[in-house]
Amino acid sequence: MWASFWQSLGEAFTIIGSGNPLMNEVVATTMKMAVTSSIISFLIGAPLGLLLATYNFKGKKVLVIICRTLMGLPPVAIGILVYLLFRGIGPFGQLRLIFTVTAMIIAQVLLITPVVVGMVETSAESTGKALLETRRGIGLGSTRTFLLMANENKYQLMAAYLFAFARATAEVGAVQIVGGNILHKTMVMTTYIALNYNTGNLEFAVALGIIIVAITLGFNLVGGVLQIIGTRKKKR
Amino acid sequence: MKIVAKKTFDRKVLDVDVQLEEHKIYALIGANGSGKSTLLKVLSSVINPDTDSSIDIPFKNDEVYYMPQMPYTFDLSVYNNIKLGIPLKYSTGEKIYCKYRIDTMLKTIDLYQLRKANAQTLSGGERQKMALIRSLVVRHNLLLLDEPTSAMDINATLKAEELIIKYKEEFDGTIIMATHSIKQAQRLADVVLFLDNGEIKEIADAQTFIDHPQSDELKDFLQKI
């Protein structure tokens, strides 16, 4: 029983070592999508999270609730939403983005941004409260306060980005729907794994699974370590 | 300055009606929970007073500086933490003078050798010294200090008081500081206000407080310290 397991793993590592061109192409498409969408999500989500953590304003609680609700949305729901918006007869159909990497990036941004906002807001909230008296006492302006908040939470921000990247790499539901898993165009690691599994090409699926696990594990480990460093620093 | 300040949380924590003069040092004394910090927070707009309050201070918000009891220490060097107290609008000349003042105060209070250290590595007393210098580096029309030396030893406290006196001599702003020490109030303040249960029970100079306490609450407070 275990022999077949080790055999599949062995063959998978052989495929990884062989530098299969299609696999390289799929990994490259995945990286392009994950890096772009995680950067965009971070650039939108991190400032929003910091603002929520720093300032009290009317409607803040509503925003936090909306954000937390969006964090829990299933990827396929976002995928269907983006599909409805960008399909040929949809409101943005004339942009011809459906079944492109751009559409996948849009879906990823919708999925990941609330996660970034939530992570940053939660981790920076204690700093925001601790900072309040000193900030008002000194009379720090909004820009200075914002920059100081970013500096105070730099480890948490780095962790939020890394988690965003890992999430973008590992996502399958939404990108399958809006990307269509088209060979040489929108095929990414997760959708390629699903395809290979469905067609019985298990070794390729396992090889890509190993790569994806290694990437997400590596990023999550770095993110986790950074968050621990940040928390320890705050406790000092 | 006419201050009618009230603040209610689940109970009334502040109910003050007092007239203060400018260019003086006022000390707020009183036990824990007497309303000293709440009054300073209300005056600095850190917390909003009850709607029936009326605070008539002839200064804008940015002319009032508040040093909290537990000042936040930024993840920056000691020097850069202090520099946050310098307004961005200051001219180069003014900033150079501020730098000179910072260096002088750092040396006075024995913090100069730590000026490049990360402020989050400092002890509680050192952090308080740093926050005090930050509050004294430029002139404020109204300076509010909430127990600014509570974490310092006696030597550091005396040096910190020296800085406060020099600041007053140079800038002649109004200072209101909370303290638990009647002796500190005696050394620094022109006028002492005794707070109990959120109300000002007595106003006098520190010596009169010590020699002729009027209210039972003040007598009780003085006996316990």
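The values are calculated or read from the model by the stated rules, or taken from the named source; none is laboratory data. Please read all numbers here as calculations on a predicted model, not as lab measurements. Cβ atoms come from the backbone with ideal geometry, glycine included; neighbour counts cover every protein chain shown. With ligands, DNA and RNA removed, areas are computed over all heavy atoms of the protein, side chains included. Shrake-Rupley method; radii C 1.70, N 1.55, O 1.52, S 1.80 Å.
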In whole Å, how far is the Cα centre of segment A:1-77 from that of segment B:109-156? 45 Å
With a 1.4 Å probe and all protein chains kept in place, how do B:Phe59, B:Phe209 rank by accessible area, largest first? B:Phe59, B:Phe209
Given H placed on each backbone N at 1.01 Å, which residues far from B:Glu199 in sequence or on other chains put an amide H within less than 5 Å of it? B:Asp15
Relative to the Cα centre, what is the charge dipole magnitude of the protein assembly as shown, using +1 at the beta carbon of each Lys and Arg, -1 at the beta carbon of each Asp and Glu, and rounding to the nearest 20 debye? 1220 debye
Long-range amide H contacts for B:Ser77: which residues qualify at under 5 Å (H placed 1.01 Å from N, peptide plane, sequence gap of 5 or more or a different chain)? B:Ala119
Once you average over the residues of A:127-133, how many Cβ atoms of partner chains fall within 10 Å of each Cβ? 4
Compute the accessible area per residue over the protein assembly as shown, keeping the other protein chains in place, probe 1.4 Å, unit Å². 48 Å²
Ranking by accessible area, most exposed first, for B:Ile203, B:Ile47 with a 1.4 Å probe: B:Ile203, B:Ile47
Accessible area in the full protein assembly, largest first, 1.4 Å probe, for A:His184, B:His23, B:His180: A:His184, B:His23, B:His180
In degrees, nearest 10, range 0 to 90: what is the angle between the Cα axis of helix A:189-198 and the longest Cα principal axis of chain A? 40 degrees
What part of the accessible area of segment A:23-235, given as a whole %, is carbon or sulfur when the probe is 1.4 angstrom? 71 percent
Which parts of segment B:90-133, residue by residue, lose 50 Å² or more of accessible area when the rest of the protein chains are there, as against the chain isolated (1.4 Å probe)? B:Gln120
Rounded percent of accessible protein surface that carbon and sulfur make up, segment B:21-202, 1.4 Å probe: 49 percent
Value of relative contact order over segment B:129-225, rounded to a whole percent, pairs C-alpha under 8 Å and six or more apart: 22 percent
How about B:Lys224: which lysines have a C-alpha closer than 22 Å to its C-alpha, ignoring those fewer than 8 places off in the same chain? B:Lys36, B:Lys183, B:Lys201
Of segment A:43-86, those with amide N under 15 Å from the point 7 Å along the Cα→Cβ vector of A:Phe92 are A:78-86
How high is the relative contact order of segment B:171-213? Use alpha-carbon pairs under 8 Å, at least six apart in sequence, and give a whole percent. 29 percent
Degrees, to the nearest 10: A:142-152 long Cα axis against longest axis of chain A: 60 degrees
How many lysine pairs in chain A, separated by 8 or more positions in sequence or lying on different chains, have Cα atoms less than 14 Å apart? 4
Per-residue HN-Hα couplings for segment B:6-15 [Karplus 6.51, -1.76, 1.60; θ = phi - 60°; Hz; x = Gly/Pro]: 10, 8, 10, 9, 7, 9, 6, 9, 8, 8
Once a ≥ b ≥ c are taken as the square roots of the eigenvalues of the Cα gyration tensor of segment A:35-105, is the result rounded (a/c under 1.5), prolate (a/b larger than b/c) or oblate (a/b not larger than b/c)? prolate
Give the long-range amide H neighbours of B:Leu28: residues separated by 5 or more places, or on another chain, with amide H under 5 Å away, using H modelled in the peptide plane at 1.01 Å from N. B:Met177, B:Ala178, B:Thr179, B:Leu193
